[in-house]
Amino acid sequence: MEQARILVVDDEESLCEILKFNLTQAGYNVDTANSAEEALTMNVAGYDLLLLDVMMGDISGFQMAAILKKSRNTANIPIIFCTAKDTEDDILKGLDLGADDYISKPFSVKEIVARVKTILRRSNATPADKSKENVLHFDTLTIDLVSKKASILGNGIILTKKEFEILCLLLQNPGKVFSREDLLNRIWSDDVFVTDRTIDVHITRLRKKIIPYDKHIVTRLGYGYCFEE
């Protein structure tokens, strides 16, 4: 299999070399540039992923990303920002520009390598692979995240929006306990007048609708609810 090509763009030469060494060890073909200006003279379209710093010279990482996203040849190249600019506004700006990830300095090199692997795997997935990512399965219980439908043995289950969201959250995080407060914040974030009792009622109704999988939604007294496989 051909090695994925990665371009690291950062004005810290030592950091570029550290990232190049570790990503090369992980099996990637890595080049570096110490400014956006230098990077833009290279054949950027030939890379499978870019690691960009934000604060660099006359052209920032944000500006470089905006330039690349405007070109048909480079618009779909995954971008990870690796930067000391870590405010919420900075992160939102990076993601709004189309970045696939945003990692704040100081960071672990292992974390960088892990995120690179994840994003490359996602970007290389075939349409069939991606469609599978949109479906949750547990035995014969199936949840389609796109059509918002649930079924058991192919037979549709009628769930309310909140019931569907609770089931998705629990199925996506097997074994993780969610407190009532967690569920309220995640599922009812825009509703003001909701009590803990509301959660209990929805869980009870959900269990009845997914028999025989009702027993997998477990109550952890004093803690909350989880889905046990």
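The values are calculated or read from the model by the stated rules, or taken from the named source; none is laboratory data. Quick caveat, the model's predicted, so the values are computed rather than measured. Every residue, glycine as well, gets a Cβ built from its backbone with ideal geometry; the counts of neighbours run over all protein chains shown.
Only residues that are among the aliphatic types (A, V, I, L, M) and in a loop (DSSP other than H, G, I, E, B): list them for segment 1-26, please. Talk me through it step by step, then tell me what you get.
In the first step, residues of segment 1-26 are kept if they are among the aliphatic types (A, V, I, L, M); the result is 1, 4, 6-9, 15, 18-19, 23, 26.
Selection gives M1, A4, A26.
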**Item:** Failed item in (1) of a type outside the set (D, E); (2) surrounded by fewer than 17 Cβ atoms within 10 Å (Cβ to Cβ); (3) in contact with a strand residue (DSSP E or B) (Cβ under 6 Å, 6 or more places away or on another chain), with Y102 passing the rest
**Value:** (2)
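Per-residue answers, yes or no, for (1) within 23 Å of K149 (Cα to Cα); (2) in contact (Cβ under 8 Å) with a residue 24 or more places away in the chain; (3) of a type in the set (D, E, K, R):
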{"position": "W188", "(1), (2), (3)": "yes, yes, no"}
{"position": "D200", "(1), (2), (3)": "yes, no, yes"}
{"position": "T204", "(1), (2), (3)": "yes, no, no"}
{"position": "K209", "(1), (2), (3)": "yes, yes, yes"}
{"position": "I217", "(1), (2), (3)": "yes, yes, no"}
**Message:** Tell me yes or no: at least one residue of segment 155-178 is closer than 17 Å to T140 by Cβ, touching a residue at least 60 places away in the same chain (Cβ under 8 Å) and assigned by TED's automatic domain parsing to the domain that holds L145.
**Reply:** no
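In contact with a strand residue (DSSP E or B) (Cβ under 6 Å, 6 or more places away or on another chain) and at pLDDT 90 or above: does that describe L52? Let's see the steps before the verdict.
On the way: in contact with a strand residue (DSSP E or B) (Cβ under 6 Å, 6 or more places away or on another chain): yes; at pLDDT 90 or above: yes.
Considered against the rule, which asks whether it is in contact with a strand residue (DSSP E or B) (Cβ under 6 Å, 6 or more places away or on another chain) and at pLDDT 90 or above, L52 comes out as yes.
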**Fill in**
Here the qualifying pairs (Cβ atoms under 8 Å; residues six or more apart or on different chains; first in segment 8-20 and surrounded by fewer than 20 Cβ atoms within 10 Å (Cβ to Cβ); second in a helix (DSSP H, G or I)) come out as I18/V109
